[in-house]
Amino acid sequence: MNPEKQNRTIQDQIKAGVKAEKEVKPIDEAIENALREQDSYCHPQTMSERLAWETLQMQIKDNKSERKLRRDHATKTFWFTVVWTLFIIFIILLKGFKCITLDRVEFLSVIGALTASVFGFYLFVMKFLFAKMTKDEKSAG
């Protein structure tokens, strides 16, 4: 293949990639659109088809609400941790400017406990708020 032709095909691939990126939609939106289109001209005939259809609709709604809850709680957790960290910095500054009198051991205990609690809180949130699906949940979904 000559260099000009190869260069043109690479440019065509780049243009196609850019075009494809612009056309990509979120997966839930694409599924919803497909389901709406399917619902408009094709209604389930049997009871099992109807149950499967309703189950799929409920899973989509559950996924959306779960995603919204996670986003809301993650934001609240972030700001709570920011305030907590500012409190730790405030304690350190008070100690530095000698506004409070703490022994070295007391000061290190307070700072260590507060820091450990922040990390523990983050681990707790990551484990339960953003839990991985179990094998049973994956096979059911």
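The values are calculated or read from the model by the stated rules, or taken from the named source; none is laboratory data. Bear in mind that the values here come from a model prediction, so they are computed numbers and not experimental data. FYI the Cβ positions are ideal-geometry reconstructions off the backbone, even for glycines, and counts take in every protein chain you see.
Taking the options LYS95, LYS64, name whichever one is surrounded by 13 or more Cβ atoms within 10 Å (Cβ to Cβ), among the basic types (Lys, Arg) and either part of a helix (DSSP H, G or I) or modelled with pLDDT under 90 (or both). Selected residue: LYS95, the only one of LYS95, LYS64 that is surrounded by 13 or more Cβ atoms within 10 Å (Cβ to Cβ), among the basic types (Lys, Arg) and either part of a helix (DSSP H, G or I) or modelled with pLDDT under 90 (or both). Cβ-Cβ contacts under 7 Å between residues 6 or more apart (or on different chains), taken from a first residue in region 53-71 that is among the basic types (Lys, Arg) to a second residue that is surrounded by 11 or more Cβ atoms within 10 Å (Cβ to Cβ) and not in a helix (DSSP H, G or I), are listed as ARG70/LEU129. Taking region 100-117 as the range and being in a loop (DSSP other than H, G, I, E, B) and exposed (fewer than 10 other Cβ atoms within 10 Å of the Cβ) as the test, the residues that pass are THR101, ASP103.
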